[in-house]
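Remarks on the structure that follows.
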There are 2 protein chains.
Amino acid sequence: MRILVLGAAGMVGRKLIERLLADGTLRGQTISAIHGFDVVEANFDYAGPIALAMEAGDVSEPAVVNGLVALKPDVIFHLAAIVSGEAESDFEKGYRVNMRGTQNLLDAVVGIQNYVPRVVYASSIAVFGAPFPDAIDDDFHLTPLTSYGTQKAIGEMLLADYTRKGLMDGIGIRLPTIVVRPGKPNLAASGFFSNIIREPLVGRPATLPVSDDVRHWMASPRSAVGFCIHAAEVDGNDVGPRRNLTMPGLSITVGEMIDALARVAGQDTAALIERKPDATISDIVAGWPRNFLAARAQSLGFVAEQTFDEIIQAHIEDELGGSIPG
Amino acid sequence: MRILVLGAAGMVGRKLIERLLADGTLRGQTISAIHGFDVVEANFDYAGPIALAMEAGDVSEPAVVNGLVALKPDVIFHLAAIVSGEAESDFEKGYRVNMRGTQNLLDAVVGIQNYVPRVVYASSIAVFGAPFPDAIDDDFHLTPLTSYGTQKAIGEMLLADYTRKGLMDGIGIRLPTIVVRPGKPNLAASGFFSNIIREPLVGRPATLPVSDDVRHWMASPRSAVGFCIHAAEVDGNDVGPRRNLTMPGLSITVGEMIDALARVAGQDTAALIERKPDATISDIVAGWPRNFLAARAQSLGFVAEQTFDEIIQAHIEDELGGSIPG
C-alpha cells in the first residue's frame, strides 16, 4: 500500500500522515510508503518501517504532478488548495492551484494505463451558496458564491466524471469548518470559531466578532482525518455515481460553543472571551451554510462528533496532552 | 453593436446569425458587425450594411480565442461544442473543446482591461443526472452523468464566478432538446425526436425506436434562437448571482407528438412512422430528464412553445416555406 498525500504540510494533511504512520495499515493492507507533497516540505519525527518521503513543489505544474503519480500510489489524498480568502483575493492563483492543480492530478492518473487509484478529494461546504434552506440536504444544488467554492465544485464534477468513465476511483468529501484548529490565532474570517476555544483553554483571552446566536457547521481535526481514512476505505459500489459527499458535522451556535467550554473548562475560562462585534466578519459569516443533513455520508459510515463537548475533549487529548493546563 | 458567435456553423448558430442579420439590432442598438467562428467556415447569403465575417479555427487554442476577443465584441454567443455522443466517445477531445475552449474564452475576456461583455453561454439539460423528480425545478442539483454534461456544468460554474467577480456579464441558458431539427436524419440518440416529424412531413418514412409513452423536454429551433437573443438582452440585475437558467420548453410524450402530427398534417402523414423498438436507444433515452419547471427563466421573459402543434408549425414556416409539400 503506497500512499500519496498532496497538501502534506497543511493541518489536515499533517494529522492524516501522523495517523497513517500510527495505524500502519489502510484498506486492510500494510502501508509500505507515504509520499507527501506541498508548497513547503513537511517534517515528521518518525522512525519506523514505512518509507516516508516529503517533497516541496507546485501542484499547478503538470510535469511535477505527473512525476508524483508516476510512482502509482494505491491511494491519493488530494488536500492541496489555496484557502478561501486567498483564492478570492488572488483570482489567477486560486484557479491555477485549485482548479488546474486538480485537473493536473486527474490527467496524470488518466495518463497511466490500467491504473485506477482511489483518489480522496477534499472539497468544501463552500460549494453551496445562499440562500439556503434550514438544513442543506444531499440533493441541494451547487451554486458557489466564492471562487474557492467554484474551484472545489469543478473538482467535484471532474472527479465524478473521471470515476464514471473508470479512469480513477474518486471520493469527494465536503469538509465542515474544522474546529478547534491548533496553532496561532489566524485572521481567516472563520478563525474565531477556533480562537474562542483554543486560546481560553490555555489561559489566554480571545475575541468574538459575531453575536452568540450565529450558527455554524463544524467537526474536529480528528474527525476530518477520520473522514479521509474512511473515504479511502469505503466501498465505491456503495457510493454509486454521485461521488461527492457532504461530511457529517455538528450544527451549533456560538453561544452553545461557549456553554460547552464553560462545562468542560469552567466559567472563568469561558469568561476570557471578549465580545467585540465586527460588522465585516459578521456579514461574511452570515453568507455561510449553517446546517446540513449529511444522510448519505452517515449511511456510508462517516462519523463526526455529536456534541461540542466532544470536540473540545478531542482538542484537549490531541493538542494539550489530555488535560487543561492548570 | 459588434457581435461574436462561436459555433457559427452549427444549427442554432446559423439560425441565430440569420435572425440577427434580419433584425439589424440587438439590445436596442444597430448591429455594425457580426463575426462568426467555427471549426468549419459558415456561409451566408447576405448583402446589407452589417459587416459579416466568417472564420474557421480551433476554440481550444488560447491564441486563436484571444484573437477573436481582442476585437472587443459587445456580445459574445458561445455555442461552440463537441456534441454529447462525441464527447462521450472521445474523452480527450470533449474536455479539450468543451471545457478548455470555454476556459479559453473566459480567460481571453479577463485578459482585456475594462472589458465586460455580455457572454451568452449555451448550456444543456445534460447538466442534470438521474434519478429525477417528476419535474426538475430551478433548485435541482447538478449531477451530470455524461462527460458532455460535466463539461457544460463546469462552464456554468466558471461563467457564474467570473460574472460575480465583475470580469464579464454572463448568462448561461440550458437548452431543451431542439425539435424539429432541419437537415438529414442523424444517428444521435435523440435524432428520432426530429426524424419522426421532419421526414413524414415531406412524405418520407421514419423510424421510431422507443415506445409511445416516452416523455421528453423540447423546444423549436426558433425558440432556441429566441432564448439566445433574450439572454443577450435580459437585465443582469434581474438575473442575480445564479447566472445559469433552465430554458422553458414543452414536456410531451412521443405519442402526443404523433397525435399533433396527425392533426397538423393528416393521419396518412403520421402513418409514415414505423415503430421499431431499439433497446440501446430506449435505455439511453430512459436516463434523460423529461420535465422541468423553468420558473426563473419564464419570470425573466424567456418563452417557448406551449403545444407541439406550434413546434410543427414553426418548422413548416421556417423550413418548408409555410406549407406542407402536396
From the options B:G183, B:G191, B:G226, B:G172, residue that is at pLDDT below 95 and either surrounded by 22 or more Cβ atoms within 10 Å (Cβ to Cβ) or within 22 Å of B:V5 (Cβ to Cβ) (or both):
B:G183
Residue check for A:K165: within 12 Å of chain B (Cβ to nearest Cβ), in contact with a helix residue (DSSP H, G or I) (Cβ under 8 Å, 6 or more places away or on another chain), among the charged types (D, E, K, R) and buried (at least 24 other Cβ atoms within 10 Å of the Cβ)
no
Within region B:132-155, does at least one residue satisfy the condition of being out of contact with any strand residue (DSSP E or B) (no Cβ under 7 Å at 6 or more places or on another chain) and more than 11 Å from chain A (Cβ to nearest Cβ)?
yes
Right, A:V110: touching a strand residue (DSSP E or B) at 6+ places or on another chain (Cβ under 8 Å), more than 25 Å from A:I178 (Cβ to Cβ), surrounded by 15 or more Cβ atoms within 10 Å (Cβ to Cβ) and in the same structural domain as A:A160 (by TED's automatic domain parsing) or not?
no
Residues B:K93, B:K72: which one is farther than 15 Å from B:G155 by Cα and more than 14 Å from chain A (Cβ to nearest Cβ)?
B:K72
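With respect to B:I125, determine if the residue is in contact with a helix residue (DSSP H, G or I) (Cβ under 8 Å, 6 or more places away or on another chain) and surrounded by 14 or more Cβ atoms within 10 Å (Cβ to Cβ). Can you show your working first?
On the way: in contact with a helix residue (DSSP H, G or I) (Cβ under 8 Å, 6 or more places away or on another chain): no; surrounded by 14 or more Cβ atoms within 10 Å (Cβ to Cβ): yes.
When the stated conditions are applied, B:I125 does not pass them.
State which residue is surrounded by the most Cβ atoms within 10 Å (Cβ to Cβ) when the search covers only region A:1-35 and only residues that are among the β-branched types (V, I, T) and in contact with a helix residue (DSSP H, G or I) (Cβ under 7 Å, 6 or more places away or on another chain). Show your work before the answer.
The first filter runs over region A:1-35 and keeps only residues among the β-branched types (V, I, T), leaving A:3, A:5, A:12, A:17, A:25, A:30-31, A:34.
From what's left, in contact with a helix residue (DSSP H, G or I) (Cβ under 7 Å, 6 or more places away or on another chain): A:3, A:5, A:12, A:31, A:34.
Working: A:I3: 23, A:V5: 29, A:V12: 21, A:I31: 22, A:I34: 26.
Only one residue fits best here, namely A:V5.
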Which numbered condition in (1) in a loop (DSSP other than H, G, I, E, B); (2) assigned by TED's automatic domain parsing to the domain that holds A:A265; (3) touching an Asp or Glu at 6+ places or on another chain (Cβ under 8 Å) is the only one that A:L142 fails?
(2)
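What number of residues in region A:82-103 are under 18 Å from A:Y162 (Cβ atoms) and buried (at least 23 other Cβ atoms within 10 Å of the Cβ)? Even if it seems obvious, please write down each step before you answer.
First pass over region A:82-103, keeping only residues under 18 Å from A:Y162 (Cβ atoms): A:98-103.
Cutting the leftovers down to buried (at least 23 other Cβ atoms within 10 Å of the Cβ) gives us A:98-99, A:101-102.
Residues in region A:82-103 being under 18 Å from A:Y162 (Cβ atoms) and buried (at least 23 other Cβ atoms within 10 Å of the Cβ): 4 in total.
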Taking only region A:275-326 into account, find how many residues are modelled with pLDDT under 95, of a type in the set (A, V, I, L, M) and in a helix (DSSP H, G or I).
5
Out of B:D45, B:D58, B:D38, report the one residue that is among the charged types (D, E, K, R) and either over 28 Å from B:A160 (Cβ atoms) or exposed (fewer than 14 other Cβ atoms within 10 Å of the Cβ) (or both).
B:D45
For A:T246, only one of the following conditions fails: (1) closer than 15 Å to A:I311 by Cβ; (2) among the polar types (S, T, N, Q); (3) within 17 Å of the chain's Cα centre (by Cα). What is its number?
(1)
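So which residues in region B:162-176 are touching a Pro at 6+ places or on another chain (Cβ under 7 Å) and either without any contact (Cβ under 8 Å) to a residue 12 or more places away in the chain or not in a loop (DSSP other than H, G, I, E, B) (or both), if there are any at all?
Applying the first criterion (touching a Pro at 6+ places or on another chain (Cβ under 7 Å)) to region B:162-176 yields B:164, B:168-169.
Within region B:162-176, B:R164, B:D169 meet the criteria.
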Exactly one of these conditions fails for A:P241: (1) within 28 Å of A:I34 (Cα to Cα); (2) within 14 Å of chain B (Cβ to nearest Cβ). Give me its number.
(1)
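Take the conditions touching a Leu at 6+ places or on another chain (Cβ under 6 Å) and either crowded, with 17+ Cβ neighbours inside 10 Å or without any contact (Cβ under 8 Å) to a residue 40 or more places away in the chain (or both) and apply them to A:R296. Does it pass?
For A:R296, the condition - touching a Leu at 6+ places or on another chain (Cβ under 6 Å) and either crowded, with 17+ Cβ neighbours inside 10 Å or without any contact (Cβ under 8 Å) to a residue 40 or more places away in the chain (or both) - is met.
Tell me, yes or no, whether region A:68-76 has at least one residue that is assigned to a helix (DSSP H, G or I), surrounded by 15 or more Cβ atoms within 10 Å (Cβ to Cβ), modelled with pLDDT of 95 or more and under 16 Å from the mean Cα position of the chain (by Cα). Let's see the steps before the verdict.
In the first step, residues of region A:68-76 are kept if they are assigned to a helix (DSSP H, G or I); the result is A:68-69.
From the residues that got through so far, the ones that are surrounded by 15 or more Cβ atoms within 10 Å (Cβ to Cβ) too are A:68-69.
Those still in the list that are modelled with pLDDT of 95 or more too: A:68-69.
Next, from what is left, pick out any that are under 16 Å from the mean Cα position of the chain (by Cα): none.
No: region A:68-76 contains no residue that is assigned to a helix (DSSP H, G or I), surrounded by 15 or more Cβ atoms within 10 Å (Cβ to Cβ), modelled with pLDDT of 95 or more and under 16 Å from the mean Cα position of the chain (by Cα).
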Here are some residues: B:V180, B:V127, B:V120, B:V116. Which one is farther than 18 Å from B:L250 by Cβ, among the β-branched types (V, I, T), within 17 Å of the chain's Cα centre (by Cα) and more than 14 Å from chain A (Cβ to nearest Cβ)?
B:V120
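Count, please, the residues in region B:94-113 that happen to be more than 15 Å from the chain's Cα centre (by Cα) and within 11 Å of B:Q151 (Cα to Cα). Spell out how you get there, then give the answer.
Going through region B:94-113, the residues more than 15 Å from the chain's Cα centre (by Cα) turn out to be B:94-97, B:99-113.
Filter once more, so that each one left must be within 11 Å of B:Q151 (Cα to Cα): B:94-97, B:99-103.
Residues flagged as more than 15 Å from the chain's Cα centre (by Cα) and within 11 Å of B:Q151 (Cα to Cα) within region B:94-113 amount to 9.
Considering each of A:P62, A:P73, A:P49 in turn, give the residue that is of a type outside the set (A, V, I, L, M) and over 29 Å from B:R100 (Cβ atoms).
Values: A:P62 fails: over 29 Å from B:R100 (Cβ atoms); A:P73 fails: over 29 Å from B:R100 (Cβ atoms).
Only one candidate passes the filter, namely A:P49.
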Within region B:170-226, which residues are among the β-branched types (V, I, T) and closer than 19 Å to B:Q313 by Cβ?
B:T177, B:I178, B:V179, B:V180, B:I196, B:I197, B:V202, B:V225
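Residues that are without any contact (Cβ under 8 Å) to a residue 24 or more places away in the chain, at least 3 per element: which helices (runs of 4 or more DSSP H) completely within region A:178-246 meet that?
Details: elements: A:191-201, A:221-233, A:236-239.
By residue number, A:191-201.
So, B:I197, is that one touching a His at 6+ places or on another chain (Cβ under 8 Å), surrounded by 20 or more Cβ atoms within 10 Å (Cβ to Cβ), in the same structural domain as B:F308 (by TED's automatic domain parsing) and not hydroxyl-bearing (S, T, Y) or not? Please lay out each step first, then the result.
Details: touching a His at 6+ places or on another chain (Cβ under 8 Å): yes; surrounded by 20 or more Cβ atoms within 10 Å (Cβ to Cβ): yes; in the same structural domain as B:F308 (by TED's automatic domain parsing): yes; not hydroxyl-bearing (S, T, Y): yes.
Yes.
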May I ask you to list the residues in region B:83-132 that are polar (S, T, N, Q), touching a residue at least 40 places away in the same chain (Cβ under 8 Å) and in a loop (DSSP other than H, G, I, E, B)?
none
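I'm trying to understand the selection: among the residues of region B:194-221, which are farther than 27 Å from B:A130 by Cα and either in contact with a Ser or Thr (Cβ under 6 Å, 6 or more places away or on another chain) or modelled with pLDDT under 95 (or both)?
In the first step, residues of region B:194-221 are kept if they are farther than 27 Å from B:A130 by Cα; the result is B:197-206.
Hit for region B:194-221 is B:P200, nothing else.
Specify the residue that is farthest from the other protein chains (Cβ to nearest Cβ); the eligible residues are those in region B:247-274 that are in a strand (DSSP E or B) and crowded, with 16+ Cβ neighbours inside 10 Å. Lay out the reasoning, then the answer.
As a first pass, look at region B:247-274 and keep what is in a strand (DSSP E or B): B:250-253, B:273-274.
Filter once more, so that each one left must be crowded, with 16+ Cβ neighbours inside 10 Å: B:250-253, B:273.
Values: B:L250: 24, B:S251: 20, B:I252: 26, B:T253: 26, B:I273: 34 Å.
Restricting to residues being in a strand (DSSP E or B) and crowded, with 16+ Cβ neighbours inside 10 Å, the top hit is B:I273.
The values are calculated or read from the model by the stated rules, or taken from the named source; none is laboratory data. Since this is a predicted model, take the numbers as computed values, not measurements. All Cβ positions, glycine included, derive from the backbone under ideal geometry; neighbour counts span all protein chains shown.
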